[in-house]
Amino acid sequence: MKVGIVGAGMVGSSAGYALALMGIASEIVLVDQNSALALAQAEDIAHAVPFMSSTVVNAGGYRDLEGCGVVILAAGVSQKPGETRLELLGRNALVFHAVLREVLPVVPDAIFLIASNPVDIMTQITTRLSGIAPQRVIGSGTILDTARFRSLVGRHLGISPQSVHAYVLGEHGDSEVLAWSAARAGSVALSSFAAQVGSPLTETVRAGIDDGVRNAAYKIIKGKGSTYYGIGAGLARIVKAIGGDQRDVLTVSIATPEVAGVNDVALSIPRVVGAGGVVVDLFPDLEEAEYLALNRSASLLKQQADAVSITGLL
Ligand SMILES: NC(=O)C1=CN([C@@H]2O[C@H](COP(=O)(O)OP(=O)(O)OC[C@H]3O[C@@H](n4cnc5c(N)ncnc54)[C@H](O)[C@@H]3O)[C@@H](O)[C@H]2O)C=CC1
Ligand SMILES: CC(=O)C(=O)O
């Protein structure tokens, strides 16, 4: 499958690198308003290909996106130390208005995969501006937070993150919800598994993991300016599910008719992802406190998305 990436900065190039190493895309096209950057990133990634795969990697203009099955949107500004994702909204909404005007006429039938923050609201905006079916406008949502959650739980229990089945729901951001009650290790309830291996999940341990997941981006941005390897791999994972029609259960964000009592909101719940984009939505059983937290997260996102007044693309 040919994959386009608009925004060849740290996130876009990391996604391109992951896609090329994993051999998921037959061809990658990187597009950026800084065409010299797109060209340099494409050349650098292409030089990794002979070691791992046969992906063809090029830089190009918007017209070169023709034929893409998936287009990743990673253009825009990223957080400065201490800045929240929501504070990027005004600037990135304008970037998306400009980008979608160019991209949509070239690839009206592609699946759009949104990375730019605040990713849930950018997903809602893209759905509104494009008129494309919500199932085909997918935000990376909490795929990265879920990976962070699984990584920290796995580390605590002394097992691989792939053996931890746990999800982060809601906003990819400060109001996200770690669904502890639905979490499993193997097929065993998390608290039971933890007791059996002698590593109980005390309140203190849970609070430490919650902090590690919720504040990971702030800590990494303080240390090195931005985050990109994790989301690069996450984006490649979503493209793999689409390209291979894998029907993987992933926490991704799409505009959804109703979640936790809130109507028409884009946020993450587990969803089945395949060739058509999101194929099925899954609503996990939650404890009351988790349900209420998801309701608060959904309400916040809805309020922010409804306040965006960009129109006039179509
Ligand atoms: N969804 C997630 O889990 C994550 C999302 N992000 C978000 O991804 C976005 C990109 O982050 P980085 O790659 O670190 O930023 P970056 O600054 O390295 O790259 C952004 C690129 O967008 C390009 N760009 C800006 N306006 C454009 C336009 N109108 N047309 C074409 N290209 C344009 C810039 O030239 C730049 O190369 C940010 O919004 C960031 O917050 C970052 C990490 C994780
Ligand atoms: C920056 C960002 O959204 C993240 O690393 O989670």
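The values are calculated or read from the model by the stated rules, or taken from the named source; none is laboratory data. Note that the structure is a prediction, hence the values are computed from the model and not measured. Cβ: placed from backbone, ideal geometry, glycine included. Neighbour counts: every protein chain shown. Note: accessible area is taken over every heavy atom of the protein model, side chains too, but ligands, DNA and RNA are not part of it. Shrake-Rupley method; radii C 1.70, N 1.55, O 1.52, S 1.80 Å.
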So what's the net charge close to I221: Lys and Arg +1, Asp and Glu -1, counting the other residues with Cβ under 11 Å from its Cβ?
+4
Dipole magnitude of the stretch 142-307, debye to nearest 20 (Cβ charges: Lys/Arg +1, Asp/Glu -1, about Cα centre):
780
Given H placed 1.01 Å from N in the peptide plane, which residues other than close sequence neighbours of V56 have an amide H under 5 Å from its amide H?
E27, I28
Hz values of 3J(HN,Hα) by residue in the stretch 28-42 - Karplus curve (6.51, -1.76, 1.60), Gly and Pro given as x
10, 10, 9, 10, 8, 4, 8, 5, 5, 5, 4, 5, 5, 5, 4
Express the relative contact order of the chain as a whole percentage, based on alpha carbon pairs under 8 Å and six or more residues apart in sequence.
19
If you add up the charges near I209, with Lys and Arg at +1 and Asp and Glu at -1, over every other residue whose beta carbon is less than 10 angstrom from its beta carbon, what do you get?
+2
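Calculate the dipole size of the stretch 146-239 relative to its Cα centre from +1 charges on Lys and Arg beta carbons and -1 charges on Asp and Glu beta carbons; express the result in debye to the nearest 20. Intermediate values should be presented prior to the final figure.
On the way: 10 positive and 6 negative charges, 68 e Å.
Charge dipole, the stretch 146-239, about its Cα centre: 320 debye, nearest 20.
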Contact order relative to length for the stretch 224-314, counting C-alpha pairs under 8 Å separated by 6 or more residues, stands in percent at 23
Compactness index (Cα Rg / 2.2 N^0.38 Å), the stretch 1-65:
0.95
At the level of C-alpha centres, the distance separating the stretch 127-150 and the stretch 199-243, in angstrom, is 16
Net charge near P134, counting Lys/Arg +1 and Asp/Glu -1 over other residues with Cβ under 13 Å of its Cβ?
-1
Given charges at Cβ of Lys, Arg, Asp, Glu: the chain dipole, positive-most of I269, F193, Q124:
F193
Would you check the accessible area of V153, probe 1.4 Å, heavy atoms only, in square angstrom rounded to 10?
0
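Just the number: Rg to Rh for the stretch 2-139, Cα atoms, Kirkwood Rh, two decimals.
Looking at the stretch 2-139, the ratio lands at 0.96.
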Relative packing of peptides 58-68, 170-180, 293-303, 270-280 - highest average C-beta neighbours within 10 Å first
170-180, 293-303, 270-280, 58-68
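Ranked from highest to lowest mean number of other Cβ atoms within 10 Å per residue, what is the order of the peptides 218-228, 140-150?
Details: 218-228: 14.7, 140-150: 26.3.
Put in order of decreasing packing, that is 140-150, 218-228.
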Please list 3J(HN,Hα) in residue order for the stretch 47-56, calculated via the Karplus relation 6.51 cos²θ - 1.76 cosθ + 1.60 where θ = phi - 60°; whole Hz, with x for glycine and proline.
6, 7, 4, x, 7, 9, 7, 10, 5, 8
Taking Cα atoms only, Rg over Rh for the stretch 142-307 with Rh from the Kirkwood formula is 0.96
Helix 119-130 against the longest principal axis of the chain: what's the angle in degrees, Cα atoms only, rounded to the nearest 10?
40
Please state the relative contact order of the stretch 142-307 as a whole percent: Cα pairs under 8 Å, 6+ residues apart?
23
In debye to the nearest 20, the charge dipole size for the chain, taken about the Cα centre with +1 at each Lys and Arg Cβ and -1 at each Asp and Glu Cβ, equals 460
